[in-house]
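Written out below as C-alpha cells is the structure these notes cover.
The values are calculated or read from the model by the stated rules, or taken from the named source; none is laboratory data. Remember, predicted model here, so these are calculated numbers, not experimental data. We place every Cβ from the backbone using ideal geometry, glycine too, and count neighbours over all the protein chains shown. Surface accessibility is based on the protein's heavy atoms, side chains included, excluding ligands, DNA and RNA. Shrake-Rupley method; radii C 1.70, N 1.55, O 1.52, S 1.80 Å.
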Amino acid sequence: MNSFEINTAPDSGAAASLTVGQQLSQNLYVKVEQAVGGSSQTNFILEYELTRWLRLRTNVLQGANSQPLFQRVQDTGVDLLFFFSY
C-alpha cells in the first residue's frame, strides 16, 4: 500500500503537513510526515506487523517543536499496537 496525503487544516491547530508512505515488504511500512508553513518538523515512522493482531511502531521527530500550552506534543518514541475485533 502506498499513500500520499495533504493535511491543510488539522483539528489540533498544528501546521499543515504533507505525508508520503510506502509498503516496503509484506510486514514493513514506512511513512514520512513533513510540516509545512510556520513549523519545520519531519516525522519518520516505521511500522512492522509482528502478527495479525500486534504491530510495532516507532517514530523519530526532527525539527523545531514549539507547541502552545495544553496541546499534545508528539515526540520520538516506540508503540505496541494491539488490534482486535468482536
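Of everything in the range 25-34, what is out of contact with any Gly (no Cβ under 7 Å at 6 or more places or on another chain) and either modelled with pLDDT of 95 or more or open to solvent by less than 60 Å² (accessible area, probe 1.4 Å) (or both)? Give them in sequence order. Quick ask: steps written out before the conclusion?
Filtering the range 25-34 down to residues out of contact with any Gly (no Cβ under 7 Å at 6 or more places or on another chain) leaves 25-28, 32-34.
Those that are out of contact with any Gly (no Cβ under 7 Å at 6 or more places or on another chain) and either modelled with pLDDT of 95 or more or open to solvent by less than 60 Å² (accessible area, probe 1.4 Å) (or both): S25, N27, L28, V32, E33.
Looking at S39 and the list (1) farther than 19 Å from V78 by Cα; (2) modelled with pLDDT under 90; (3) open to solvent by 50 Å² or more (accessible area, probe 1.4 Å), which single condition is not satisfied?
(3)
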